[in-house]
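The values are calculated or read from the model by the stated rules, or taken from the named source; none is laboratory data. Model, not experiment: these values are computed from the prediction. Positions of Cβ are generated from backbone atoms using ideal geometry, with glycine treated the same way; all protein chains shown enter the neighbour counts.
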Amino acid sequence: VTLPSLSAARPPPSSIPSPPSFMTEALFAGGRTLRHLLQAASVAENSSLEIKHGAVIVRGGKLVGRGCNSDRSRLTAIAGAVSNNIALHSEVAALHDAHRWVL
């Protein structure tokens, strides 16, 4: 049995996509942007779902809302949520959390 070489399995460097520009900009934008991205990643860890997402809302440099995606049982706490087959997106949860600051 012959195994393929590792070099054959790797794509050539020219075919590896560069990171999206927003990621590059965030890394070089300074401490605040990176701090907010890390806060969103930390919030994502609170999700009970297999694929975890987190979001933060910042106003005037201050964190005013945060949220993670969650299963539909969380939707019962939000007025107007009637569907039983959807998940709550992290950005919607963050807006729900921030409403006291924004409205």
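Listed values, structure above:
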{"read-out": "So V92, is it outside any helix (DSSP H, G or I), aliphatic (A, V, I, L, M), modelled with pLDDT of 60 or more and surrounded by 10 or more Cβ atoms within 10 Å (Cβ to Cβ)", "value": "no"}
{"read-out": "Pairs with Cβ under 8 Å, 6+ apart, first in the stretch 61-89 and part of a loop (DSSP other than H, G, I, E, B), second surrounded by fewer than 16 Cβ atoms within 10 Å (Cβ to Cβ) and modelled with pLDDT under 80", "value": "G61/R32; S83/R72; N84/R72; N85/R72; I86/R72; A87/R72"}
{"read-out": "Selected residue (criterion: surrounded by the fewest Cβ atoms within 10 Å (Cβ to Cβ)) from residues of the stretch 38-65 that are among the charged types (D, E, K, R) and over 16 Å from D97 (Cα atoms)", "value": "E50"}
